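Scroll down for the structure; my scribbles are underneath it.
The values are calculated or read from the model by the stated rules, or taken from the named source; none is laboratory data. All figures in this text were calculated on a predicted structure; none of them were measured in a lab. For neighbour counting, all protein chains shown are included, and Cβ atoms are generated from backbone atoms with ideal geometry for every residue, glycine included. For accessibility, only protein heavy atoms count, side chains too; no ligands or nucleic acids. Shrake-Rupley method; radii C 1.70, N 1.55, O 1.52, S 1.80 Å.
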Amino acid sequence: MGTSERVLLDPSSPSSAGRSTKHRYSISGSHTNVSLTPFSGNSITSKFEGDEDDVKKPLSARLVDSFRRDPSASLTPGGIGANVKKRQFDPEAAAAATAASPLIRKLKGRHLQMIAIGGSIGTGLFVGTGRALAYGGPASILIAYCLIGAMMFCTVQALGEMAVMFPVAGSFAAYSTRFLDPAWGFAMGWNYAMQWLVVLPLEIVAASITVDYWNPSIALNALYVAIFWILICTINLFGVRGYGEAEFAFSTIKVTAVVGYIILGTIINLCGGPGASYIGFSTWRDPGAFNHGFKGLCSTFVTAAFAFAGTELVGLAAAETQNPRKTLPTATKQVFWRITLFYVLSIFIVGTLVPYNDPRLLSGSSAYDAKASPFVISIQNAGIEAFPSIMNVVILISVLSVGNSSIYGSSRTLAALAEQGQAPSILRYIDRKGRPLVAILTASLLGALAFAAASKSRVQVDMFNWLIALSGLSSIFTWGSINACHIRFRHAWALQGFTPSDLSWRSPLGITGSYIGLAMNILILIAQFWTGFRPIGYQTKSTNWLVANFFQAYLAAPVVVAFYIVYKIWKRPGYVRLSDVDLYTGRRDLNVKMLVAMEREEQRSWPRWKKVYKFLC
């Protein structure tokens, strides 16, 4: 292989701030026999973080200092591209920059597990399922959620394997650049960043609409928007620890509420509400289990995908996790239980309590109007007065949680793109508390678009419909790209002389799961194209309406293609050949076989109940 300089992460040297020390190594030898020699030079950990406990400064001075740029924010004085031509992409420098990003690793296992379990439970589940139920019927949404859930399980397992091996900034966007094509990585990075940048104002609007449930005659949307906007922005200014603690609290409430609803819904179904009787599968018989046939089923796929959006954040958070090799596999296993319990089971119960022809399912002013939530409607039908308001509080908390995640997801992605030279360099500004400050402020400022919620004009409604359209298919492209990256990674891993036993952690589904996940994402894109081109009831619609509806359903696709083509022409990067895939930069565990042997030795002493628990969770 020759000798080259790489930046790897040494797990044996944690700093006082809780992050692992980053060192440069000179790598020599063959792929199967690699020798690592420390590279001369200064450690690039933050001096501010390392000396923080020893410096006696007033609180105000420490606060001001914390917003100053981290001295280790770039590998080179000029950043990526300083030593190459302006129109030339440097893949090695890009990989090194994401590996050595000074993001602080303060997320703990409990944070990561709650992000995995309840991080994306929001309006997609609580509100969006109403319209899907009306279009497809209870059997259709149940099938759609099962299929999308299976695809997500495959995707998250693949992401977990790569993120444990390479816990780098930017995660799956950086993997696309490294394993597929820098132009595709550019397109995926901006696709993902734009998805979350758009979601933030939408979620703030949703929160203000949710409050209208209690005060429908009082137009205080602008005040609600201001309160929620300031709250979400403030949480993210506390850094990754603030985000983790907030998500832990939000997710705990959401998970508790969903479990409570499942229990309550089961009781209502079996015993009926006040003055009611056994319900069973009466809604599946009248009006029926399916609506609009196969097209009705296809029309529910995007709604189900939207409900699962955010699941991949667990991989993005790996770069800021204290021990991803220990906590990330556990977190990815939690996805199975969330899919089974929180999505499939709750959707099944909703479908038995609310008929698909209930007019309230389509009465919402937008896809974010909680008054059209089938969860709320099912409780109202049972005659339980207090529970609809309680459920609405849960929806409000879920909306704020997704808004909180939107700033986190977009800011980390923007900062990683800037580190690779694929976004304005100012976005790679990371302060001494490990916050990508400029990226956070950029995402927060775009949240001000939510003030348009105070207006009821048709122009504002149309604007938000197009914003929703921009984020509609974004997750499908992201998940498909994750599966494609894992496939390429495994092929490159084998070609360069490694075996699956050399991996830090292996996906239980292996490369087969990634092929299944990729195929299912492609099928969803095909189904969405069909339902967008020929939607339900298209015979009665005008040409202008059909054109607008198609682009609102499929807008993300031409946007991704445009990003890819523009970057391909601008930078002219080549496709990454399997023999050239970088399998070293950013690897945190350097002696995997020794670590695995130590862990297996420890596991032999576990009691049987713990072995079963660890296998499942």
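Listed conditions (1) open to solvent by less than 20 Å² (accessible area, probe 1.4 Å); (2) under 29 Å from the mean Cα position of the chain (by Cα); (3) of a type in the set (Val, Ile, Thr) are all met by residue 227, apart from (1). Can you name the residue in the range 494-529 that is under 30 Å from residue 553 (Cβ atoms) and buried (at least 21 other Cβ atoms within 10 Å of the Cβ) and, of all such residues, is modelled with the lowest pLDDT? Taking the candidates together, the pick is 528. Among the conditions (1) surrounded by 11 or more Cβ atoms within 10 Å (Cβ to Cβ); (2) hydrophobic (A, V, I, L, M, F, W, C); (3) part of a helix (DSSP H, G or I); (4) at pLDDT 75 or above, residue 576 misses just one, which is (3).
The residues listed here are 115, 104, 141; of these, the one that is in contact with a strand residue (DSSP E or B) (Cβ under 9 Å, 6 or more places away or on another chain) and not charged (D, E, K, R) is 115. Of note, residue 359 does not satisfy the criterion of being at pLDDT 85 or above, of a type outside the set (A, V, I, L, M), touching a Ser or Thr at 6+ places or on another chain (Cβ under 7 Å) and more than 30 Å from residue 415 (Cα to Cα). Open to solvent by 20 Å² or more (accessible area, probe 1.4 Å), touching a helix residue (DSSP H, G or I) at 6+ places or on another chain (Cβ under 6 Å) and not aromatic (Phe, Trp, Tyr), is that true of residue 449? Yes: the conditions hold for residue 449. For the range 297-406, the helices (runs of 4 or more DSSP H) that sit wholly inside it and include 3 or more residues that are within 28 Å of residue 521 (Cα to Cα) and either in contact with a Cys (Cβ under 6 Å, 6 or more places away or on another chain) or open to solvent by 10 Å² or more (accessible area, probe 1.4 Å) (or both) are 301-308, 324-337. Restricting to the range 230-248, what's the tally of residues that are in contact with a helix residue (DSSP H, G or I) (Cβ under 8 Å, 6 or more places away or on another chain), more than 14 Å from residue 445 (Cβ to Cβ) and open to solvent by less than 50 Å² (accessible area, probe 1.4 Å)? Looking only at that region, the number is 7.
Condition check ((1) at pLDDT 50 or above; (2) charged (D, E, K, R); (3) part of a helix (DSSP H, G or I)) across all residues:
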position: 41; (1), (2), (3): no, no, no
position: 48; (1), (2), (3): no, no, yes
position: 53; (1), (2), (3): no, yes, no
position: 87; (1), (2), (3): yes, yes, no
position: 95; (1), (2), (3): yes, no, yes
position: 101; (1), (2), (3): yes, no, no
position: 104; (1), (2), (3): yes, no, no
position: 116; (1), (2), (3): yes, no, yes
position: 125; (1), (2), (3): yes, no, yes
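Checked across the range 192-208, the condition of being closer than 22 Å to residue 515 by Cα and assigned to a helix (DSSP H, G or I) holds for at least one residue.
Looking only at the range 474-486, decide whether some residue is surrounded by fewer than 20 Cβ atoms within 10 Å (Cβ to Cβ), at pLDDT below 90 and over 15 Å from residue 159 (Cβ atoms). The answer is no, given that none of the residues of the range 474-486 is surrounded by fewer than 20 Cβ atoms within 10 Å (Cβ to Cβ), at pLDDT below 90 and over 15 Å from residue 159 (Cβ atoms).
Kindly evaluate residue 434 against the criterion of being under 23 Å from residue 257 (Cβ atoms) and not hydrophobic (A, V, I, L, M, F, W, C). So residue 434 does not fit the description; no.
Residue 165 passes every criterion in (1) out of contact with any helix residue (DSSP H, G or I) (no Cβ under 6 Å at 6 or more places or on another chain); (2) open to solvent by 10 Å² or more (accessible area, probe 1.4 Å); (3) under 23 Å from residue 94 (Cα atoms) apart from (2).
Checked against the criteria, residue 148 does not count as assigned to a loop (DSSP other than H, G, I, E, B) and under 28 Å from residue 374 (Cα atoms). Checking each residue in the range 433-446 for being among the aliphatic types (A, V, I, L, M) and open to solvent by less than 50 Å² (accessible area, probe 1.4 Å) picks out 437, 438, 439, 440, 443.
Of the conditions (1) surrounded by fewer than 22 Cβ atoms within 10 Å (Cβ to Cβ); (2) at negative phi, residue 190 fails just one. Which one is it? The failed condition is (1).
The residue that is farthest from residue 398 (Cα to Cα), counting only those in the range 249-275 that are open to solvent by 60 Å² or more (accessible area, probe 1.4 Å) and modelled with pLDDT under 85, is 275. Within the range 423-441, being at positive phi and more than 21 Å from the chain's Cα centre (by Cα) holds for no residue. Residue 565: closer than 16 Å to residue 300 by Cα, open to solvent by 40 Å² or more (accessible area, probe 1.4 Å) and not basic (Lys, Arg), yes or no? Considered against the rule, which asks whether it is closer than 16 Å to residue 300 by Cα, open to solvent by 40 Å² or more (accessible area, probe 1.4 Å) and not basic (Lys, Arg), residue 565 comes out as no. Residue 491: at pLDDT 90 or above and either over 28 Å from residue 418 (Cα atoms) or hydroxyl-bearing (Ser, Thr, Tyr) (or both), yes or no? So residue 491 fits the description; yes. Here residue 175 fits the description: touching a Cys at 6+ places or on another chain (Cβ under 6 Å) and either in contact (Cβ under 8 Å) with a residue 12 or more places away in the chain or not small (Gly, Ala, Ser) (or both). Of 534, 587, all but one fail to be in contact with a strand residue (DSSP E or B) (Cβ under 6 Å, 6 or more places away or on another chain) and surrounded by 12 or more Cβ atoms within 10 Å (Cβ to Cβ); the exception is 587.
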